[in-house]
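Some notes on the structure that comes next.
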Amino acid sequence: MAVSKTKNDSRFVIVGGGPAGLTAAYELACRHYQPIVFEKYDKVGGIARTEMYNGYYFDMGGHRFFTKSAEVNQMWQEVMGTDFLRRPRLSRIYYKRRFFNYPLKPFNALRGLGIWEGLLIGFSYLYWQIFPHRQENNFEEWVTNRFGKRLFRIFFKSYTEKVWGISTSELSAEWAAQRIKDLDLKAAILSMFVKPKQTIKTLIEEFDYPRRGPGMLWNMVKDKIEERGGQVYLNTTVVKIRHRENRITEVVVKRGDQFEVVTGSHFISSMAITDFVRALDPSPPQAVLNATDKLSYRDFLTVCLVVNQPKLFDDNWIYVHEPNVKVGRIQNFKNWSPDMVPDENTSSLGLEYFCNEGDDLWRMADEDLVDLGKRELDVIGLARASDVIDGRVFRVEKAYPIYDSTYQQHLQVIRSYLATFDNFQTIGRNGLHRYNNQDHAMLTGMYAVRNALDGETYDLWSINAEQDYHEEIRREQDAVAEKVINRVFPRVFTRLEPVAFGTAMGVVSSVSLLLITLWVVLNDLGAVARLLTLLNQYLPGYEVSIFPGALFSVFYGFILGFGPAWSLASLRNAVMRLYVSNLLRQAEAANYEESPSSN
Amino acid sequence: MTKDLSEQEKNLEKIVMTRLVRLSAIVYGVVFGLVLGSGLLIATLWLVIRGGPVVGPNLSLLGQFFLGYTVTYWGSVIGFAYGFVTGFAIGYSIASIYNWIVNRLGKE
């Protein structure tokens with residue numbers, strides 16, 4: 001293969017032909033550079049690729065196209081033009097043969113689960129609002145604090161354990177927190193009281209989509225790169241990455257049985273960071289290799305089924321919470337785009353099974369997997385097995401980086417080591433070991449090029465595309481937010497000082513009882529005195545007299561005033577604290593998105 | 001990372017529940033006054049409407065403290081006035097003493 005000399009003798013070598021790598025290459029091509037891209041699969045798109053079988057297109061994972069990043073959106077529009085469709089979004093939870101809205105809505109859940117179950121969920125929710133886990137050490141505790149234990153068991157446990165293959169009590173609470181990562185405290189507090197703007201709602205309820213899936217976009221991007229002199233090599237694996245004096249010097253690529261050495265001046269990689277580190281020659285220090293061994297991924301396979309029914313359900317995808325089947329999520333590709341299906345009398349489904357590369361499910365024969373898919377589809381009642389007329393299995397490696405309790409510290413070791421290379425940047429979901437969406441991956445590609453060419457200093461590890469639209473909310477509401485946060489909130493949510501309130505009530509009560517006692521004694525009010533004396537049934541020693549009655553009245557009056565008032569103030573503060581915490585958790589829960597969602 | 005509830009709530013508490021409430025003496029006075037005045041008005045009217053050979057023997061003892069108060073229609077109005085004044089004094093005193101203590105404590 002010939003390697004192009006490019007503008008100013010800069011030779012960009014890009015490892016990985018997924019959204020991040022291709023975007024970097026596209027950016028370079030637009031700026032008259034001629035990058036060379038190596039992709040190990042037979043098609044571009046990486047984990048956002050689209051497979052094709054008998055005229056049916058299958059999007060691996062389902063990828064919504066929505067972004068508030070103007071530059072990402074511009075690239076999509078520029079490349080896709082009229083092939084970009086605006087599609088409505090519907091994704092629900094499927095449980096016990098019923099659909100449930102997500103985010104959960106009380107009446108919808110109540111209708112689906114019944115009044116008795118609804119009551120139990122309500123009690124459970126109340127219990128966990130009043131007595132939450134003080135430390136949220138894992139996913140289970142995080143969700144329980146926001147939804148209650150019973151709802152957690154029904155709507156979170158089964159699906160999450162299918163996805164990650166580990167108990168929810170072993171899954172880091174950060175996973176859930178990551179799903180609401182852009183909801184900082186300020187935004188959370190605001191969202192307790194301020195409804196999201198219509199523009200944001202629109203983004204959530206609709207999305208853009210290429211007519212024949214994301215693969216259509218990435219093929220067009222590949223063509224445009226090549227039209228401008230860049231090269232994209234498929235079926236080409238980078239097996240060695242050589243470096244010297246803090247610079248990557250060349251990569252060794254394997255294509256079929258052929259090996260070739262490719263030199264470059266700049267290297268950008270979106271391959272899994274673990275694979276990259278292991279391919280380095282000479283090898284990095286042992287500590288870095290050890291850290292690499294500690295990072296892990298979750299993989300999935302899609303059983304694609306063609307069903308002889310024109311319409312199955314309205315959703316783009318559904319989350320399957322049925323505990324008695326292995327399938328975790330089902331894509332209905334016809335609802336993503338009608339062009340994904342060649343025959344309008346049929347539908348195509350993608351039954352997604354989350355697994356680990358090499359485990360029993362991963363190694364199961366394709367025919368057995370198709371049978372399993374048909375069976376499970378029948379069991380949960382979405383389609384009859386007899387209606388399935390064709391099937392095919394596709395496997396996706398390293399689909400999701402796993403966030404376990406120690407991944408951050410290991411990632412930091414690798415990150416520090418990679419930072420020593422002057423002419424290298426790692427990008428994309430697996431390049432950064434960061435669960436992020438397609439538009440985010442693309443931004444890392446764009447910014448990597450700008451860092452290399454324009455001397456920019458974008459921190460690719462902290463780019464977050466979703467931030468953009470949350471930022472927009474913040475900008476729009478900033479004036480209100482500052483006022484609310486800094487001035488109104490502290491004044492509205494105040495504390496009542498229990499000792500001061502108790503003392504005030506105690507003093508007033510004490511003085512009142514003293515005056516009444518003295519008044520009765522000094523005016524010799526016999527009838528009133530008899531009634532007042534009854535107080536000594538509760539206040540031993542009290543009598544209507546100057547001494548010791550007046551003395552006791554001061555003492556008892558204070559106690560009678562202080563006790564209830566102190567309790568009242570403490571209770572009022574506790575309830576208000578609970579109320580505010582509860583509002584915060586509700587705001588977080590409302591912003592939690594089931595994962596993996598389709599992006 | 002462990003998403004720590006207490007950490008999150010501590011952040012929250014940096015914004016809310018930081019200040020001690022100051023009570024408005026006038027508002028407290030009016031509220032206490034209205035509650036006590038209305039209470040006495042209703043209690044008196046209730047007994048008057050119910051009637052009987054001796055109307056409100058126990059409640060009428062309040063006349064020992066509130067000069068002119070009787071368990072009658074007119075007495076209920078006088079009772080409201082006394083109740084309001086007494087309640088106002090109690091509420092006003094509670095709020096004033098509370099504020100004085102909080103200020104003395106020097107808390108925000």
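Laboratory data are not the source of any read-out in this text; all were calculated from the coordinates shown. This structure is a prediction, so every number in the text was calculated from the model and none was measured. Because the Cβ atoms are built from the backbone with ideal geometry, glycine has one as well, and the counts that use them run over all protein chains shown.
Per the helix-only calculation at 222 nm, which mean residue ellipticity applies to chain A, given -39500 (n - 2.57) for every DSSP H run of n ≥ 4 and division by its residues, nearest 500 deg cm²/dmol?
On the way: 24 runs with 274 residues, N = 599.
Only helices count here, giving -14000 deg cm²/dmol.
Run the numbers for residue A:31 and residue A:246: contour at 0.36 nm per residue of separation, minus the present Cα-Cα distance, in nm. Show your work: numbers first, answer last.
Numbers: separation 215, 0.36 × 215 = 77.40 nm, distance 2.69 nm.
Additional length available on full extension: 74.7 nm.
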Fill in the blank from the handout: Share of Cα-Cα pairs in the stretch A:372-436 beyond 21 Å, whole percent, is 53
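Please give the net charge around residue A:152, taking every other residue with its beta carbon less than 11 angstrom from that of residue A:152, where Lys and Arg add +1 and Asp and Glu add -1. Please list the in-between numbers first.
Numbers: positive: A:146, A:149, A:150, A:153, A:157; negative: A:140, A:141.
Here the charged neighbours net out to +3.
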Exercise for the section: Provide a whole-number value for the mean count of partner chain Cβ atoms within 10 Å of the Cβ atoms in peptide A:491-498. Expected result: 6
Problem - 16 Å tail of the calculated P(r), the stretch A:24-71, as % of Cα pairs - result: 61
Handout entry: Efficiency of FRET from Cβ geometry, residue A:344 and residue A:297, R₀ 30 Å, rounded to 0.05
Key = 0.20
Completion exercise
Footprinting proxy, A:422, A:387: sorted fewest to most Cβ within 10 Å, the residues are A:422, A:387
Exercise for the section: For the stretch A:196-312, restrict the atom set to alpha-carbon positions and state the Rg and Dmax in Å. Expected result: 20.7, 62
Practice task
Report the Stokes-Einstein translational diffusion coefficient (µm² s⁻¹, integer) for the stretch A:1-141, Rh taken as the Kirkwood radius over Cα pairs, at 10 °C with viscosity 1.306 mPa s.
Solution key: 78
Problem - Cβ neighbours within 10 Å from other chains - mean over A:577-584 - result: 3
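For the protein assembly as shown, what proportion of DSSP beta bridges, expressed in % and rounded to the nearest 5, is antiparallel? Kindly include the intermediate steps, with their values, before the conclusion.
Numbers: 54 of 74 bridges.
Roughly 75 percent of the beta bridges in the protein assembly as shown run antiparallel, per DSSP.
What is the fewest-to-most order of A:160, B:72 by other Cβ atoms lying within 10 Å of their Cβ?
Numbers: A:160 24, B:72 17.
Least crowded to most crowded, the residues run B:72, A:160.
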Completion exercise
The pairs in A:43/A:311; A:68/A:398; A:162/A:294; A:40/A:222 lying past 19 Å Cα-Cα in this model are A:43/A:311; A:68/A:398; A:162/A:294
Problem - the stretch B:13-65: equivalent-ellipsoid semi-axes (sqrt of 5 x gyration tensor eigenvalues, Cα, Å) - result: 41, 12, 9
Completion exercise
In the stretch A:292-382, the GluC sites (Glu not before Pro) that sit in a DSSP loop and have at most 13 other Cβ atoms within 10 Å of their own Cβ are A:344
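Per the Cauchy relation, a quarter of the hull surface: what is the mean projected area of the convex hull of the alpha carbons in the stretch A:505-574, in nm²?
Working: hull surface 18.4 nm².
Mean projected area for the stretch A:505-574: 4.6 nm², to one decimal.
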Exercise for the section: Please arrange A:296, A:337 by counting, for each residue, the other beta carbons lying within 10 Å of its beta carbon, fewest first. Expected result: A:296, A:337
Exercise for the section: Summarise the partner chain shielding of B:94-104 as one whole number: the mean count of Cβ atoms from other chains within 10 Å of each residue's Cβ. Expected result: 5
Practice task
With a bin width of 20 angstrom, please list the P(r) values of the protein assembly as shown as percents of all Cα-Cα pairs, from the 0 bin to the one holding the largest distance.
Solution key: 15, 37, 24, 14, 10, 1
Exercise for the section: Please give the helix A:407-418 orientation as an angle from the longest Cα principal axis of chain A, in degrees from 0 to 90, rounded to the nearest 10. Expected result: 40
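Which three numbers, in whole Å and largest first, are the semi-axes of the equivalent ellipsoid of the stretch A:286-417 derived from its Cα gyration tensor as √(5λ)? Write down the numbers at each step before the final one.
Details: eigenvalues 251, 47, 33 Å².
In descending order the semi-axes read 35, 15, 13 Å.
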Handout entry: Principal axis dimensions, the stretch B:65-108 - Cα atoms, whole angstrom, descending
Key = 49, 16, 9
